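Asker: Pasting a structure here, questions to come.
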Amino acid sequence: MKPLIVICVAAAALTVAACGESAQQKAEKQVCSARSDIQKQVNELKTLTPATATSDGVKNNLSAIRDDLKKIADAQPQLSDQRKAEVKTANEKFVSEFQSVAGDVGKSLSASGARTQLQTALQQLAAAYQSAFSNLDCGGS
């Protein structure tokens, strides 16, 4: 009777271990979570107007996007080869646009009367997000 209990306990332990997430699954979740947060941050920025934009608010959104881009880059090595290529392409495309727009935003925030330039830059950032990440499938997110 005891060997049967040992076998059942061992089988249960293996089943529980098999239910854990693989490194690839964790990386997928990290990429999709970061992608979703980038979209949230971009949407918040996109709704700003020259009257509602604050320097600290915009900087906080941009900082969150930078953190998300780093999370995506950090997760890439754990992805399958095909997914890694898709994510890398999307991330690199957005990083390039993001750096350009973030530079423009920094100038717009420091220059008096340049709030409309800020709005244009943020709209460009939204378009860059859409272009880079819209085809990166995250299961409907």
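Asker: Output the residues belonging to region 41-53 that are surrounded by 14 or more Cβ atoms within 10 Å (Cβ to Cβ) and of a type outside the set (A, V, I, L, M, F, W, C).
Answerer: GLN41, GLU44, LYS46 - these are the residues of region 41-53 that are surrounded by 14 or more Cβ atoms within 10 Å (Cβ to Cβ) and of a type outside the set (A, V, I, L, M, F, W, C).
Asker: Looking at region 56-66, is at least one residue modelled with pLDDT under 90, surrounded by fewer than 17 Cβ atoms within 10 Å (Cβ to Cβ), more than 20 Å from SER131 (Cβ to Cβ) and not basic (Lys, Arg)?
Answerer: yes
Asker: Can you tell me how many residues within region 40-58 are among the acidic types (Asp, Glu) and either touching a His at 6+ places or on another chain (Cβ under 7 Å) or closer than 16 Å to LEU125 by Cα (or both)?
Answerer: Going through region 40-58 one residue at a time, the tally reaches 1.
Asker: Among the residues of region 31-46, count how many are touching a Leu at 6+ places or on another chain (Cβ under 9 Å) and not hydrophobic (A, V, I, L, M, F, W, C).
Answerer: Matching residues across region 31-46 total 3.
Asker: Can you tell me which residue is farthest from ALA127 (Cα to Cα) among those in region 20-39 that are surrounded by fewer than 14 Cβ atoms within 10 Å (Cβ to Cβ) and of a type in the set (D, E, K, R)?
Answerer: GLU21
The values are calculated or read from the model by the stated rules, or taken from the named source; none is laboratory data. Nothing here was measured: the structure is a model prediction, and the numbers come from that model. Cβ: placed from backbone, ideal geometry, glycine included. Neighbour counts: every protein chain shown.
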